[in-house]
Amino acid sequence: MFSWFNKWNKENPTDVERPAILVGVVGVAVIAAAALVVLGQPYATESLQTGPRGTGMYVPKFKADLGRPDPGIEGFLASTSAPVAPQGGEQTAGSARENVPPGLEGLTVDNYDRLLAAMREWTGIPDLFDDPDSYQTAVGHVMIGMVQNINENWDGHVNANKQVGVTCYTCHRGEPVPSDIWFKQTPVVMAAEGWSAVQNRVSPLSSFTSLPSDALEAYLLNYEVIGVHDLESRVAGIPGRDGYPGIQHAERTYAFMNYIANSLGVNCTFCHNTRAFYDGAQVTLQWSTETLGIQMVQELNETYLVPLAGLYPPERLGPKLGDAPKAACRTCHKGYQQPLQGTNVIADWPELATTSGEPDYSGN
């Protein structure tokens, strides 16, 4: 019945696919443009300028990431309560409570109880300080002194831009063992001798690169000098032995800088002018803050954390060399330029802001 139509259609072919594709592409483009106008650019960035314009010294961030709060902030705020300003004559924690950590005995009972409840939430240890013979009690005493020391004596680092401070929660985030602690793990390649024994096997300490895995040990524990190269193309002597760094030191430095950048979620230009890494006169203001941070972590590891090895049970020590867990940049920062994105964690906890045992409640 329709043979005439089939015959005519065969003799007069019409291309319907190409126009359909064109219409579809135009339609998708219109919808995408409308979505960008209404919803905004999903990959839009904001940049933190760290040096003179035109030098490429900036740290870009996706706006979507900047608008997403650190999930740890909510946990901290949930455990926060306002201090009770003493009026005079209140009973002290030292006389009313058992196993009060050193330095907190003079707190009023109300403020000690609220601090103890918060520390138990911050560390995820519900019976913290209940058992005087527990290693957690002994370690907790040391940790309180460490936190007070950071807030009192390292103000230039932790409060570089505004009051932020630190508490137990800054590192612990509700867990008995903080994330991003580190242990010694070198030599990595047991069958190798020399420099190759500290690299060429990816590990968390080298940010999963083949760079040396002993950078944290060298710079945050052994106080080695960070150094990359000499300004002269040819110098007398042997690199690494006669007063200037060798290529091995450069590799270790790159491993350390890579670790810092990932820990803070920044790039090289956050601290350095990349046209002159060697020139201390051309660094950014953040370089000074970071330098203080390195010195602070060196002190924390040497004075507080490494000596705790004798208190920990075997399962809390390093799996390879049996050393105590240690801190580094990521232990606090956890990928953010400021821990907890700059949330002021010390304002309501003046008990942790001083080593004197006399908190300042005047601001509360």
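Tabulated data for the structure shown
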| quantity | calculated |
| --- | --- |
| Cut-off 18 Å (backbone N to label point 7 Å along Cα→Cβ of L39), residues of the stretch 66-107 | 66-68 |
| Alpha-carbon centroid distance for the pair the stretch 239-289 / the stretch 303-321, whole angstrom | 30 Å |
| Most to least packed among 177-184, 324-331 [average Cβ atoms within 10 Å] | 324-331, 177-184 |
| Additional length obtainable on full extension of the chain from V84 to F208, 0.36 nm per residue less Cα span | 39.9 nm |
| Selected from A33, A218, A78 as most flexible by GNM, with the chain as the system and alpha-carbon contacts under 10 Å | A33 |
| Potential lengthening between E175 and L48 on full extension [0.36 nm per residue; Cα-Cα distance subtracted] | 42.5 nm |
| Listed peptides 48-57, 334-343 by packing density, highest first (mean Cβ within 10 Å) | 334-343, 48-57 |
| The stretch 180-333 shape via C-alpha gyration tensor axes, a/c threshold 1.5 | oblate |
| When each of K63/K334; K61/K326; K63/K326 is checked by Cα-Cα distance, pairs over 23 Å | K61/K326; K63/K326 |
| Difference of contour (0.36 nm per residue) and Cα-Cα distance, E105 to K7 | 25.1 nm |
| Value at 222 nm in deg cm²/dmol, rounded to 500, when DSSP H runs of n ≥ 4 in the chain each add -39,500 (n - 2.57) | -11000 deg cm²/dmol |
| Longest to shortest principal axis, alpha-carbon extents of the chain, angstrom | 108, 65, 45 |
| Cα-centre dipole for the stretch 180-333 with unit charges at Cβ (Lys and Arg positive, Asp and Glu negative), debye to 20 | 300 debye |
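Bear in mind that the values in this text are calculations on the coordinates, not laboratory data. If you're wondering where the values come from, they're calculated on a predicted model, not measured in any experiment. Here Cβ is always computed from backbone atoms with ideal geometry, including for glycine, and neighbour counts include all displayed protein chains.
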